[in-house]
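Taking it in order: structure first as structure tokens, then the write-up.
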Amino acid sequence: MLTLIRGGRVIDPAYGRDGIGDIWVEGARIIATPGHRAPDRVVDATGMVVMAGAIDVHSHIAGGNVILSRLLLPELHVNELGDPNLPFGSARGPAAETGRLYARMGYTTVIEPALPPSAALATHLELEDVPFIDRGALSVVGNDDQLLALLRAGESRDALRDLTAQTLALSRGLGLKVINAGGAAAFKENVRVFDLDDEVPSYGLSSRRILTSLLEAREGVGVPHPLHVHCNNLGAPDAFKTMIETMRAAEGRSIHLAHAQFYAYAAHAAGGISSAAETLCAALAEHPNVTLDVGQVVFGQTCTISLDILRQFSARNAADPKKWIIVDGDAEGGGLVPFNYRRGSVFNALQFMIGLEMFLLSPDPWRVLLTTDHPNGGPFTAYPRLIHLLMDKAERDAEVAGLPERARTRSGLGAITREFTLPEVAIMTRAAPARLLGLPDRGHLAPGAQADIALYRDQADRTAMFSSAALVLKDGETIVRDGNVVALHKGRTLTLAPDMDGAMARRSEAYLQARFGRGLDSFRVPEAAFSRDAFASQPCRA
């Protein structure tokens, strides 16, 4: 079918486009103006904003921890058709609800950022159940015994590269994620504080050494997405120092720092924290190789889920309600700690303001992306409201006015006058995530792009505007009209397909048989886990 989207304000920062114009779609792709051919369908986009489908680079929507969070908090899973801003109106599942809530906002691609290789099959099977959107996941490395043993033995960069490529290939990831490098391994030896230059006792390896080795391995494998890093010391006073030191440790290599808001804390002389957002953004300006997502906090009940077992174990006493799960498993482990972000809390109010500061002080919208680290900072359904606050200084001031005065004096948010523009919103939610993930077929509206397109009625109330898209096309098919799903669409799973080294495969087979009595096939995600027409493997770059 040939479709013409006519007369909308087309915003496509990837190609410098912002003005009234047309978009032509044939099948699943955007095409150039097709000469004298008449369209089969015309969409009147007058008064609408037309953007590429949005992309979320960091949202926990599948996997063991997500499932456990539903079991841990059944009392929060009753919001079948109620307030979509309640986190478990979206995070509780089922998978179809996750896809629907993303699609109605104009999101068409979402990345699960924690794919443990030992549980990759289960995670992919759940991702496969999420309709409407394309999905991908980041394979977790940096705490498993075989990798750490290779580093301890001083083996070559090639060996580490081959093991990393094998892990990525077997788990069918779209990129690589490291979570508190070495921290989970150190936790198993009763280490409870683990900084960048601390060592895992049994391996004699510092977190820095593990991190830099994985930065090299990622380049050697040719993974398009930078190493996706969950730094040490999440949530601690002066954690900003750790994040800045991590930027320096990359030594110019591409690196993506996750949920940076949780590190933008300076220890305050009177106790507690103050904002370090300005300092972090200044460091970001000095390191053009670094990108980050914010991990904005949203007020209300949620459940924090993470493979950072050190952090989750230390946070368990703050659980609200008072129940939690800690899993000290092979490699990563992990934990689930419910939490209620309260407006009356000075600390929580500061977290909220610090996140907004990170966006507004960022030196480059191409390098600072919109996330809530769903559900850790709050639900992804809060994105429209956050966009509104970033675009409207008066709305922002009204929101902050009701927060504790002590929090407001420790943040510079009130003095920031910047307001985001619609092209900047399109950058941080479309063009920049696509570029960061190495997905050249999306995030823009040029000919050849995937026909993932969102149309919004241009409204002063940006919350309303971005909460309910007027029309969403996925692969050229209309899936949402006026915020309501009108057609079921089966998305794709996006993965990389790096070559596996035969010698490393034999070594790993022997290692796994000796350690677990099972070989590589027990950790391989088979092709049968995916629908044939819903799976897209991409080669790594040489």
Practice prompt. Compare the Cα positions of Ile67, Ala529, Val221 along the charge dipole of the chain (+1 at Cβ of Lys, Arg; -1 at Cβ of Asp, Glu; about the Cα centre) and return the one farthest towards the positive end.
Written response: Ile67
Worksheet item: Among all the lysines, which ones have a C-alpha under 27 Å from Lys177's C-alpha, if same-chain residues fewer than 8 places away are not counted?
Response: Lys188, Lys241, Lys490
Response to the item:
Sequence order, segment 249-259: Karplus ³J(HN,Hα) from phi using 6.51 cos²θ - 1.76 cosθ + 1.60, θ = phi - 60°, Hz rounded, Gly and Pro as x, gives 4, 5, 6, x, 6, 4, 8, 10, 9, 8, 5
Practice prompt. Mind jotting down the three principal axis lengths of segment 396-478 based on Cα atoms? Whole angstrom, largest first.
Written response: 51, 28, 17
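Report the Rg/Rh value for segment 1-73, based on alpha-carbon coordinates and the Kirkwood definition of Rh.
Value, to two decimals: 1.23.
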Discussion item. Based on alpha-carbon centroids, what's the gap between segment 189-214 and segment 251-289 in Å, whole number please?
Written reply: 21 Å
Worksheet entry | Probe 1.4 Å, accessible area per residue of the chain, Å² | 36 Å²
Discussion item. Students often get this wrong, so try it: which of (i) 78, 48, 38; (ii) 82, 65, 48; (iii) 67, 58, 46 is Cα extents along the principal axes in Å as calculated from the structure shown?
Written reply: (iii)
Worksheet, complete the sentence: To the nearest 20 debye, the chain has a Cα-centred charge dipole, built from +1 on Lys and Arg Cβ and -1 on Asp and Glu Cβ, of 260 debye
Item to complete: With N set to the residue count of segment 183-243, report its C-alpha Rg divided by 2.2 N^0.38 Å to two decimal places.
Response: 1.22
Item to complete: Place +1 on the Cβ of every Lys and Arg and -1 on the Cβ of every Asp and Glu in segment 231-363, take the dipole about the Cα centre, and give the residue among Gly344, Gln261, Gly329 whose Cα lies farthest towards its positive end.
Response: Gly344
Worksheet entry | Sequence of Glu509, Glu405, Glu399, Glu112 from largest to smallest accessible area, 1.4 Å probe | Glu405, Glu509, Glu399, Glu112
Fill in: Neighbour net charge for Thr46 - beta-carbon separation under 12 angstrom, K R +1, D E -1
0
Discussion item. Could you tell me the center-to-center distance, by alpha carbons, between segment 235-249 and segment 377-434 in angstrom?
Written reply: 23 Å
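Dipole size in debye (nearest 20) for segment 279-414 around its Cα centre, Lys and Arg Cβ +1, Asp and Glu Cβ -1?
540 debye
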Worksheet item: Of all the accessible heavy-atom surface of segment 292-336, with the other protein chains kept in place and a 1.4 Å probe, what percent is carbon and sulfur?
Response: 55 percent
Worksheet, complete the sentence: In deg cm²/dmol, rounded to the nearest 500, the helical mean residue ellipticity at 222 nm of the chain, built from -39500 (n - 2.57) for every DSSP H run of length 4 or more, is -9000 deg cm²/dmol
Discussion item. Counting only Cα atoms, I'd like the Rg/Rh figure for segment 439-523, Kirkwood definition for Rh.
Written reply: 1.30
Practice prompt. Quick one: dipole size for segment 420-542, taken about the Cα centre, charges +1 on Lys/Arg Cβ and -1 on Asp/Glu Cβ, in debye to the nearest 20.
Written response: 360 debye
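The values are calculated or read from the model by the stated rules, or taken from the named source; none is laboratory data. Computed from a predicted model, the values in this text were never measured in an experiment. Here Cβ is always computed from backbone atoms with ideal geometry, including for glycine, and neighbour counts include all displayed protein chains. Just so you know, the surface numbers come from the protein's heavy atoms only, side chains and all, with ligands and any DNA or RNA stripped out. Shrake-Rupley method; radii C 1.70, N 1.55, O 1.52, S 1.80 Å.
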